[in-house]
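Throughout, read-outs are computed from the coordinates displayed, never taken from laboratory work. Predicted model, so just to flag it, every value in this text is computed and none were measured. Positions of Cβ are backbone-derived with ideal geometry, glycine not excepted, and every protein chain shown enters the neighbour counts.
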C-alpha cells in the first residue's frame, strides 16, 4: 500500500503567480532530461501515471505540483541538458525555478542522476543552486542497467563526488531497487525531518 495514496495532480505552473500558496512542505524533483525523474515520482508514490513519462527528452515543460497529503507537495521540475523544447520555452524556466528556490515551504530536493552517466556538469550546477538550508538526496536511477560491480562503483563515485553535500542511493523504478529508501526519505522531509 502506498504511503502517498492521496497523491493527486494540482497544477502546471507557467509563472510563479500560479504556484500554490507558500504554506506546508514541498520537495522538488530535478534531473537531466530523460534521467528518469517522472518514473521515480511514479515509483515512489506507487502511481503508474501520476507524472507523465516519455522517451522524448523535455516532456516536462512547466513546474508540476502534486499534493501528496494536505499541506504536503511534490514539485516536478523541467529536465536540464538536452531537451526537445523551443528555446523560447526554455528561457521561461530559470525565473520559475528561482522563484521556487525562495519558497519557505521548499524543504529539499531529490536529484535524479542516470547511474550509467554519473554526476555531470548540469547536476553540479544544480547542487550549487540549492540553498544551504535545503536537504539534497541523489537517486542514481536506472541502476538495473548496471551489473552489481558497476552499481557499487557508481555509488562510490557519486559519494566521492558529492563529498557530503547530499545523501545518495541506487534506484530503479523498473525493478523497485531503492524505492522504499526513497519513500522513507521523502516522508521524513515532508513531516519536517530535514
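The table below gives the values:
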{"read-out": "DSSP-defined beta bridges in the chain - what % are antiparallel, rounded to 5", "value": "30"}
{"read-out": "Cα radius of gyration and Dmax for the range 154-194 (Å)", "value": "11.7, 30"}
{"read-out": "Potential lengthening between residue 11 and residue 133 on full extension [0.36 nm per residue; Cα-Cα distance subtracted]", "value": "41.4 nm"}
{"read-out": "Two-site FRET efficiency, residue 125 against residue 145, from Cβ-Cβ distance with R₀ of 35 Å, rounded to 0.05", "value": "0.90"}
{"read-out": "Theoretical ellipticity at 222 nm over the chain - DSSP helices of four or more residues, -39500 (n - 2.57) apiece, nearest 500", "value": "-9000 deg cm²/dmol"}
{"read-out": "Theoretical gain in end-to-end length, residue 191 to residue 46 [0.36 nm per residue, Cα-Cα removed]", "value": "50.3 nm"}
{"read-out": "Spacing of the two label points (7 Å from each Cα toward its C-beta) at residue 167 and residue 22, in nm", "value": "2.7"}
{"read-out": "Whole-Å distance, taken between Cα centres, linking the range 148-193 and the range 94-129", "value": "15"}
{"read-out": "Rg and Dmax of the range 8-190, Cα atoms only, in Å", "value": "15.2, 47"}
{"read-out": "Residue of 74, 139, 162 that the Gaussian network model of the chain assigns the largest fluctuation, springs spanning Cα pairs under 10 Å", "value": "162"}
{"read-out": "Segment residue 181-residue 156, length gained on full extension (0.36 nm per residue, minus Cα span)", "value": "7.3 nm"}
